[in-house]
Each structure stands twice: as structure tokens, then as C-alpha cells.
1. Where in segment 39-150 are there helices (runs of 4 or more DSSP H), lying wholly inside it, with at least 3 residues that are touching a helix residue (DSSP H, G or I) at 6+ places or on another chain (Cβ under 7 Å)?
2. Select from segment 166-203 the residues that are assigned to a loop (DSSP other than H, G, I, E, B), touching a residue at least 24 places away in the same chain (Cβ under 8 Å) and surrounded by fewer than 17 Cβ atoms within 10 Å (Cβ to Cβ) and write down the one among them that is farthest from the chain's Cα centre (by Cα).
3. For ALA158, state whether it is crowded, with 18+ Cβ neighbours inside 10 Å, of a type outside the set (S, T, N, Q) and not in a strand (DSSP E or B).
4. In segment 124-137, how many residues are open to solvent by less than 50 Å² (accessible area, probe 1.4 Å), free of Cβ contacts under 8 Å to residues at least 40 places away in the same chain and within 15 Å of the chain's Cα centre (by Cα)?
5. Tally the residues that are farther than 12 Å from VAL54 by Cβ, touching a strand residue (DSSP E or B) at 6+ places or on another chain (Cβ under 9 Å) and touching a residue at least 40 places away in the same chain (Cβ under 8 Å), restricting the search to segment 138-165.
6. Looking at (1) in contact (Cβ under 8 Å) with a residue 60 or more places away in the chain; (2) buried (at least 19 other Cβ atoms within 10 Å of the Cβ); (3) closer than 16 Å to ASP137 by Cα, find the lone condition where PHE113 falls short.
7. Any residue that is under 21 Å from CYS130 (Cα atoms), at pLDDT below 85 and either among the basic types (Lys, Arg) or surrounded by 17 or more Cβ atoms within 10 Å (Cβ to Cβ) (or both) - is there at least one of those in segment 65-79?
Amino acid sequence: MGLGIGLSKVIGTKMRSIVTAFTVLSLLDIAAIHQELRVVVFRNLNPQRTGLIVDEYTSKGTMPTPHTISRRERIMLRPLIGEDGVTFTGLLEIVTTKDEWRRYMEIFRKEKFLIGCKSKKGKPCPGKQCKIVIHEDARSRDILRSMLTLGYLRQEKAVTFETISEAKGKADQEIRPFLDAAKSAGWNTEQLLYSTLKRRCSW
């Protein structure tokens, strides 16, 4: 209370001073809340956390702990990985011809997801541009497998249907070691928080 009285005397009654003080104090409050949230370590895997640990696992072969990811996770800003429009997209954003659809179905016919990217002028796109399309009936484990497949595919400089098939095969082999490594690192792999992903398709 004493601090507030002191500040009111310094600020005065001018509207510009009051607005400036309010803005500064609001920003300080937001920054303090952000730092408080940073202290909290979440062990359940949501899309963003899954994307971050998959990226490190597929590129470096290591599994980060929840404490490590808590320092990288975006809390108030839009995530750079693992969200609708960033990692996940619609069917027409990837498949443009009947022939492409046939090739994708040769790889993902039994899956509740598919992964690819839209090539430009017939040239293979880099793996970093690939995204996931989720089927409307996909479950959490389907989404997890799709993100692991995407992680391996993003290591490729040029994506073809052959490299997509190889990435899927590698993810199928690594899903169990990946889950074991995640559990050993302290992640809860039994409850996957993927209900925020609303962009789904049917085929």
C-alpha cells in the first residue's frame, strides 16, 4: 500500500503518465507470470512438447528431460512446432493430383495419418517443409507415430515418396525404443494430451 501511495505521488494525475505507468506495470506483471510458469515442469506430452523431444531424438539420438523442455517451450507465444498450421495441415495442402493420392495411399493405406509436402514445379521439397494430415479417427498413439515419422523425414534434404516410406519404416521400428527413452527421461507416456488438434480430415 505504501509503495502504491508513493508511486501515485510520482506519477501524478496526468492521463499520459497514468497510461504509461499502467502499461509498464502490466508488462512487469506479465513477465513475472511468465517466469512463474517457467518454474512449473510439465511431464505430460502435448503436441508442442512431443515435437520438441521428437526433434532432438531424431536429429541427435538423445531424449531431453521435462526440465530441459520446460526452458524451450513457448508459453505465451505461438509454438514453432506441434500445432495446427505449423506441424499439422489439411489434405489439399499436400495432395494435389490423383497420382499423388495413389502414391500416398501405397504408404499410408493402413494408417490414420499421412505425411508429405507440396512440391513446387515438380522439384522435391526439403524435409523441413513436410507436414502431417490427421485422419478424423486418429487416436493419440497414431498422432505420436506420425510425429516420430515426421521427425525422421525432416532430416532429409529432398523428400520423395521413397524417403517418406523409409522414414515411416524407421519410425515403426523406433516407436518402442522412443517411448522407453521418454519414460526413462521422466515423461508420462500413458496420457497424451493431443485433444487440442482440431484440424482433421476424412478419406
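1. In segment 39-150, the matching helices (runs of 4 or more DSSP H) lie at 47-60, 66-72.
2. Selected residue: TRP203.
3. The answer is no for ALA158.
4. Number of matching residues: 1.
5. Of the residues in segment 138-165, 6 are farther than 12 Å from VAL54 by Cβ, touching a strand residue (DSSP E or B) at 6+ places or on another chain (Cβ under 9 Å) and touching a residue at least 40 places away in the same chain (Cβ under 8 Å).
6. Tallying (1) in contact (Cβ under 8 Å) with a residue 60 or more places away in the chain; (2) buried (at least 19 other Cβ atoms within 10 Å of the Cβ); (3) closer than 16 Å to ASP137 by Cα, PHE113 fails exactly one: (1).
7. Checked against the condition, which is being under 21 Å from CYS130 (Cα atoms), at pLDDT below 85 and either among the basic types (Lys, Arg) or surrounded by 17 or more Cβ atoms within 10 Å (Cβ to Cβ) (or both), segment 65-79 yields at least one hit.
The values are calculated or read from the model by the stated rules, or taken from the named source; none is laboratory data. Note that the structure is a prediction, hence the values are computed from the model and not measured. Note: ideal-geometry Cβ built from the backbone for every residue, glycine included; neighbour counts use all protein chains shown. The protein model used for the area step is the full one, side chains on, heavy atoms only, and it has no ligands, DNA or RNA in it. Shrake-Rupley method; radii C 1.70, N 1.55, O 1.52, S 1.80 Å.
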